[in-house]
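Colleague: Could you have a look at this structure, given as structure tokens, before my questions?
The values are calculated or read from the model by the stated rules, or taken from the named source; none is laboratory data. Every value quoted in this text rests on a predicted model; they were computed, and no experiment measured them. As a convention, Cβ positions derive from the backbone with ideal geometry for all residues, glycine included, and neighbour counts pool all protein chains shown.
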């Protein structure tokens, strides 16, 4: 199994969290713990926007490479956040 640590590392966890709950900043989400629990068993973590650098989508390439290797080696992949 291959795991990726996504939040704040290669994907914008906090920006996506704020957008999901329609607030300008993630700290404005009323009950953060409940809000995060509501994301369980959804595809929300797979929808995290990846960070980009000046040359393109470095983190996007990391995620795509991981998916490709998971298929190639017939293993699963997941997101740790």
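Residue-wise test of (1) at pLDDT below 85; (2) over 17 Å from the mean Cα position of the chain (by Cα).
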position: 2; (1), (2): yes, no
position: 7; (1), (2): yes, no
position: 34; (1), (2): no, yes
position: 39; (1), (2): no, no
position: 42; (1), (2): no, no
position: 54; (1), (2): yes, yes
position: 77; (1), (2): yes, no
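Colleague: Could I ask something else about it? From the list 34, 27, 40, which residue is in a loop (DSSP other than H, G, I, E, B), surrounded by fewer than 13 Cβ atoms within 10 Å (Cβ to Cβ) and free of Cβ contacts under 8 Å to residues at least 60 places away in the same chain?
Modeller: None of the others qualify; the one that does is 40.
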